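Here's the structure we're looking at; comments come further down.
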Amino acid sequence: MSTNPELHDGRLYLPNDAALEKQQFQYLDQLYDFNQTRPSELTKRQILLTQMFAEIGSNCYIEPPLHSNWGGHHVHFGAGVYANFNLTLVDDTHIYVGDHTMFGPNVTLATAGHPLLPELREQGYQYNAPIHIGKNCWFGAGVIVVPGITIGDNVVIGAGSVVTKDLPDNVIAVGDPAKVLRSINDHDRQYYFKDRQIDPELLKRV
């Protein structure tokens, strides 16, 4: 991982530093290689991911194309994480994702922000704040998570939602901005979609 403190301590900094850009391009070259793999080259993809990411657990699957500011260099995935196509990781600082979390297509996790004061933004200043995501979450298509957010375990976020505040464990959140709709409850142990019942035999395996 990069040791540049300005990326990770929340300060305002200028990202167009020549030394930073040189590091970043090295990681982006690896990302390019990953996105050029053939669908059948699963082993090659796994090898590249272990080289690209700060941490990646077993049995993770990421469907290309993957987009990432630092090529996944500041990304920490647990085991069994699944990401559909067009996952965008604005990983200027760290992104942590727990085991068995799933991302639908076109999800964006953004750790980078810019000051609201136009005079500073005109000069190109940026700040970063990490994102923490718990275990066994499900992000619907097109979800956006902004810098500095913490999301608990077993959270479901509806398609198209924009997460601007922290979310606790075991809730369903929807909307722009995302708000807690309700908790995961007993009804969800009986029905997986509308009136479609869960086979009780499936739960015996849990």
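The values are calculated or read from the model by the stated rules, or taken from the named source; none is laboratory data. Here the structure is a predicted model, which is why all the values come from computation and not from measurement. All Cβ positions, glycine included, derive from the backbone under ideal geometry; neighbour counts span all protein chains shown. With ligands, DNA and RNA removed, areas are computed over all heavy atoms of the protein, side chains included. Shrake-Rupley method; radii C 1.70, N 1.55, O 1.52, S 1.80 Å.
Could you calculate the FRET efficiency of Thr50 with Phe85 from 1/(1 + (r/R0)^6), where r is the beta carbon distance between them and R0 is 22 Å, rounded to 0.05?
Taking R0 as 22 Å, the efficiency between Thr50 and Phe85 is 0.60.
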### Query
Given Phe85, Ala110, Leu120, which one lies farthest toward the positive end of the charge dipole of segment 1-155, if we put +1 on the Cβ of every Lys and Arg and -1 on the Cβ of every Asp and Glu?
Phe85
### Task
Using only Cα atoms, figure out Rg for segment 3-179 and give it as a multiple of 2.2 N^0.38 Å.
1.02
### For the chain, size of Cβ-based charge dipole, Lys and Arg +1, Asp and Glu -1, in debye
520
### Message
Between Arg11 and Arg205, what is the label-point separation in nm under the 7 Å Cα-to-beta-carbon projection?
### Response
5.2
### Message
Only four residue types carry charge here, +1 at the Cβ of Lys and Arg and -1 at the Cβ of Asp and Glu. Report the dipole size of segment 1-93 about the Cα centre in Debye, rounded to the nearest 20.
### Response
280
### Task
Under a 10 Å cutoff between Cα atoms, tell me which one of Arg11, Arg196, Arg182 has the largest fluctuation in the Gaussian network model of the chain.
Arg196
### Summary
In deg cm²/dmol, rounded to the nearest 500, the helical mean residue ellipticity at 222 nm of the chain, built from -39500 (n - 2.57) for every DSSP H run of length 4 or more, is -5500 deg cm²/dmol
### Task
Any chance you could check the Cα centroid distance between segment 46-120 and segment 19-43 for me, in angstrom?
13
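Among DSSP beta bridges whose residues both lie in the chain, state the antiparallel percentage, nearest 5.
Numbers: 9 of 40 bridges.
Here the antiparallel bridges make up roughly 20 percent for the chain.
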### Task
Under a 10 Å cutoff between Cα atoms, tell me which one of Leu109, Leu31, Leu20 has the largest fluctuation in the Gaussian network model of the chain.
Leu20
### Task
Have a look at Leu28, Leu181, Leu167 and tell me which one the Gaussian network model of the chain (Cα, springs below 10 Å) gives the largest fluctuation.
Leu181
### Query
How high is the relative contact order of segment 3-179, in percent, with contacts defined as C-alpha pairs under 8 Å that are six or more residues apart?
16
### Task
First compute the accessible area of the chain with a 1.4 Å probe, then give the percent of it belonging to carbon and sulfur atoms.
54
### Query
Hey, got a sec? Which chymotrypsin sites (Phe, Trp or Tyr not before Pro) in segment 1-93 land in a DSSP loop and have at most 16 other Cβ atoms within 10 Å?
Phe85
### Task
Counting only heavy atoms of the protein chains, get the accessible area per residue of segment 3-179 (1.4 Å probe) and round it to a whole Å² value.
48
### Query
Accessible area, 1.4 Å probe, largest first: how do Lys135, Lys179 sort?
Lys179, Lys135
### Query
Among Tyr13, His94, Thr164, whose Cα sits farthest toward the positive end of the charge dipole of the chain (+1 at Cβ of Lys/Arg, -1 at Cβ of Asp/Glu, about the Cα centre)?
Thr164
#### Entry: Where GluC sites (Glu not before Pro) fall in DSSP loop in segment 41-119, at most 14 other Cβ within 10 Å
Glu41
